[in-house]
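K.L.:
Here it is, the structure, as structure tokens.
The values are calculated or read from the model by the stated rules, or taken from the named source; none is laboratory data. Being a predicted model, the structure only gives us computed values, none of them experimental. So basically every Cβ, Gly included, is an ideal-geometry build from the backbone, and we count neighbours across all protein chains shown.
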Amino acid sequence: MEETQQKILTQAFTLFTKYGIRNVSMDDIATELGVSKKTLYQHIDNKAELIHKAMEMHLQNECSVADAISVSSVNAIAEMLDIADHVCRQLNMMHPAAIFELKKYYPESWELLEKHRSEYIYGCIYKNIQKGIQQGLYRPDVKPELIARFYIAKSRVLVEDDLLLKTEFQPIEVLLEMLQYHIYGIATPEGVAYFKNNLEKIKNIKHVSYL
């Protein structure tokens, strides 16, 4: 990807997540970049294409971050905590409507996110469960394929309009409740103890002081 286009996609994604997709126009993006709209259209044909390419770039970056966390984390539960910390920080900066607008108005781009969740994230959770079993942190009778599928199914709660738009629950609160539900359901006593003793990794993030 050429440098100029990468800069455009990075800035666009930042604006979309901060203000919501429908609240950001191509004029806004051009202004933020300090270029004319004509220059912007030399690299991107329209807003839908911009959203799609920005999402592709974001998901590639997310894969790189998750891969790095997997390599550097000391064990399977630490990996889950580190990933939760990363996701919480992103959710904390995201406009509440952004993900709903993506789903409703840009279905092709939404499909990128769905594919990422059902393939890449599924693979990460599957490998994490295998690792945790080998490390004695997850129960040996756990079935990785089933639990990984359960996790992916639960993660869809974060994009269910009825739950998050019509109740007092915040996305970060839902994510962390889901993480606790997941870990307590599969961890050995040693794993539960490690999880409880290391929750401070995500305690200091805004909106999650209830942990």
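K.L.:
Using beta carbons and a limit of 7 Å, which pairs, at least six apart or on different chains, have the first residue in the range 28-57 and farther than 18 Å from His116 by Cα and the second one buried (at least 17 other Cβ atoms within 10 Å of the Cβ) and among the β-branched types (Val, Ile, Thr)?
P.N.:
Once the first residue is farther than 18 Å from His116 by Cα and sits in the range 28-57, its partners that are buried (at least 17 other Cβ atoms within 10 Å of the Cβ) and among the β-branched types (Val, Ile, Thr) give Leu33/Ile8; Leu40/Ile8; Leu40/Ile29; His43/Ile8; Ile44/Ile8; Leu50/Ile44.
K.L.:
Suppose we filter Ala78, Ala84 for residues that are within 30 Å of Lys127 (Cα to Cα), surrounded by 15 or more Cβ atoms within 10 Å (Cβ to Cβ), among the hydrophobic types (A, V, I, L, M, F, W, C) and under 13 Å from the mean Cα position of the chain (by Cα); which single one remains?
P.N.:
On the way: Ala78 fails: under 13 Å from the mean Cα position of the chain (by Cα).
Just one listed residue meets the conditions, Ala84.
K.L.:
Having 1 or more residues that are in contact with a Leu (Cβ under 9 Å, 6 or more places away or on another chain) and among the β-branched types (Val, Ile, Thr) is the bar; report the helices (runs of 4 or more DSSP H) wholly within the range 97-136 that clear it.
P.N.:
Working: elements: 98-105, 107-115, 122-134.
Hits in the range 97-136: 98-105.
Residues are listed down the side, and each one gets a yes or a no for (1) within 14 Å of the chain's Cα centre (by Cα); (2) surrounded by fewer than 18 Cβ atoms within 10 Å (Cβ to Cβ); (3) at pLDDT 95 or above:
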position: Ile99; (1), (2), (3): yes, no, no
position: Glu111; (1), (2), (3): no, yes, yes
position: Tyr138; (1), (2), (3): no, no, yes
position: Ala148; (1), (2), (3): no, no, yes
position: Val159; (1), (2), (3): yes, yes, no
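K.L.:
Please specify each residue of the range 113-129 satisfying the condition of being free of Cβ contacts under 8 Å to residues at least 24 places away in the same chain and crowded, with 16+ Cβ neighbours inside 10 Å.
P.N.:
Tyr126
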